[in-house]
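Coordinate-derived values only; no laboratory data. These numbers were taken from a predicted model, which means no experiment stands behind them. With ideal geometry, Cβ positions are generated from the backbone for all residues, glycine too; neighbour counts draw on all protein chains shown.
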């Protein structure tokens, strides 16, 4: 056999395999660590996105709260009626549970008032916002996709935390608290507390 046609010996092959194994083990650990960290970061991004969407809707809705009654000659005002946990005239998704409803009146281009009601409901593991204008469902938005537990609502400025009342008893601040989690279960639950301030007085 000519020298140029010789191959590797068994010992050389075993040494090469061992060296490759020694080099690949740390590289594999780095890759696994990267994928695990990337999964956690992605999960936190999903949770953060839900938090941003929910916070924007909540702040806007609470700021609008205030159903007006008929004109009061004595006070020369249109006093506020109960505006939190009011009846929701539109149909709710089957199997959903209402967390809170908010109400206010909006003026159209002709100056006519129309009733607006917003319900925050849980359906499965989702927190959903439903908007009902003059008895018709006009929008639906999913605010959180993976709830962990039941959302709670607290009010201040109504003489307590019942969230109900009329006039000066309509809450000034309303807080919605809930937990969201990553659907893959890689991270811990993320607690969200959204606070809104009523503008109408």
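State, to one decimal in nm, how far the label point of residue 169 lies from the label point of residue 197, with both points 7 Å from Cα in the Cβ direction.
Between residue 169 and residue 197, the label points sit 2.5 nm apart.
State the extension gain, in nm to one decimal, for the chain segment bounded by residue 137 and residue 77, taking 0.36 nm per residue of separation less the distance between their alpha-carbons.
Details: separation 60, 0.36 × 60 = 21.60 nm, distance 3.03 nm.
Stretched fully, the residue 137-residue 77 segment lengthens by 18.6 nm.
Which order do 106, 6 fall in if you start with the one that has the fewest other Cβ atoms within 10 Å?
With the fewest neighbours first, 106, 6 line up as 6, 106.
Could you list 49, 145 in order of exposure, starting from the residue whose Cβ has the fewest other Cβ atoms within 10 Å?
Values: 49 13, 145 17.
Least crowded to most crowded, the residues run 49, 145.
With a ≥ b ≥ c taken as the square roots of the eigenvalues of the C-alpha gyration tensor of the range 38-197, please select rounded if a/c is under 1.5 and otherwise prolate if a/b is larger than b/c or oblate if it is not? If you can, show how the numbers build up before the last one.
Details: a/c = 2.50, a/b = 1.92, b/c = 1.30.
Here the range 38-197 falls in the prolate category.
Would you please classify the overall shape of the range 48-116 from the alpha carbon gyration tensor, given that a ≥ b ≥ c denote the square roots of the eigenvalues, rounded means a/c under 1.5, and beyond that prolate means a/b larger than b/c while oblate covers the rest? Show your work: numbers first, answer last.
On the way: a/c = 2.17, a/b = 1.77, b/c = 1.23.
Prolate, because a/c is 1.5 or more and a/b exceeds b/c.
Going by how many other beta carbons lie within 10 Å of each one, how would you line up 163, 155, fewest first? Each step should come with its number before you reach the end.
Numbers: 163 21, 155 24.
Starting with the residue having the fewest Cβ neighbours, the order is 163, 155.
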